Amino acid sequence: MSRATLMNLRRLTNTNACSKNREWKFISFLNGKDIFYSTSCFTKIVITPKCLYSIQIRTFIDVFNPGVKNGKTYKEKQLIGYSPEQMFDVIQDTENYKHFLPFCRQSTVKVKGKDHAKTYLEIGFPPIIESYVSHITFQRPHMIKAECRDGKLFKYLTTQWNCDPGLKNNPNTCVITFFVSYEFKSQLHSALANMFFNELVKQMEHAFFVEAGRRYGKPCIKAQKL
């Protein structure tokens, strides 16, 4: 941690209303940000090179309330400047996930058939790291679905991509629908992951579009959310 970061953290501690006897615990380094939380006030601190701000989060009593739902879902639909075939080939290339997908540490194809595959994946960042075999079904170039069936951390993890035709007069466009749904077995892992869920999923989704650009060049149109 830089000297400037420590000075900013001390300054915030001295000025915050609940700063007395506060202890800060380092969570993770993510996307250029040091993440801390206060063990006394349950405040998460996100420190960037240019700014320092605090976000009040739920107390651990709330986080571990048995009534709290731990499952998370994310869905987004976009019109993009690549063909369905191009995007399908990028998404299906699970062997190379370790080279371009954030938080993917290992990826090895175990089985590959005409409409199915099995890929060993290791994903996550400390302290949340999961290794499992992803069971993949697909229909080229329209759909790819991946499921975690034997994970140690997840109750379930499902990811699905639909690659549908885009503009009628432009075959090099497609409508991408991206869906993720998961739930951890542990409420502790759920609490930690939920802090970063939206950011993680958006980075993962964006990585596929960046990889398409690396393989096929610039998109023919600017991406549009639908």
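The values are calculated or read from the model by the stated rules, or taken from the named source; none is laboratory data. Since the model is a prediction, treat every value here as computed from it, not as a measurement. FYI the Cβ positions are ideal-geometry reconstructions off the backbone, even for glycines, and counts take in every protein chain you see. Quick note on the areas: whole protein, heavy atoms, side chains included, nothing else; ligands and nucleic acids left out. Shrake-Rupley method; radii C 1.70, N 1.55, O 1.52, S 1.80 Å.
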| field | Contour minus Cα-Cα distance for residue 214 and residue 114 (0.36 nm per residue) | value | 33.4 nm
| message | Report the gain in length on full extension from residue 164 to residue 203: 0.36 nm times residue separation, minus Cα-Cα distance, nm rounded to one decimal. | response | 11.9 nm
| query | P(r) for region 95-208: what percent of alpha-carbon pairs falls in each 10 Å bin, starting at zero? | reply | 13, 43, 32, 10, 2
| task | Quote the accessible area belonging to residue 135 in square angstrom, nearest 10, computed with a 1.4 Å probe and with ligands, DNA and RNA left uncounted. | result | 40
| Net charge, residue 225 excluded, C-beta distance under 9 Å - Lys, Arg +1, Asp, Glu -1 | 0
| When the Karplus curve 6.51 cos²θ - 1.76 cosθ + 1.60 is applied with θ = phi - 60°, which whole-Hz ³J(HN,Hα) does each residue of region 204-215 get, with x for Gly and Pro? | 5, 4, 4, 4, 5, 5, 5, 5, 4, x, 5, 7
| task | Provide the net charge surrounding residue 204, with neighbours chosen by a C-beta distance below 15 Å and charges set as Lys +1, Arg +1, Asp -1, Glu -1. | result | -2
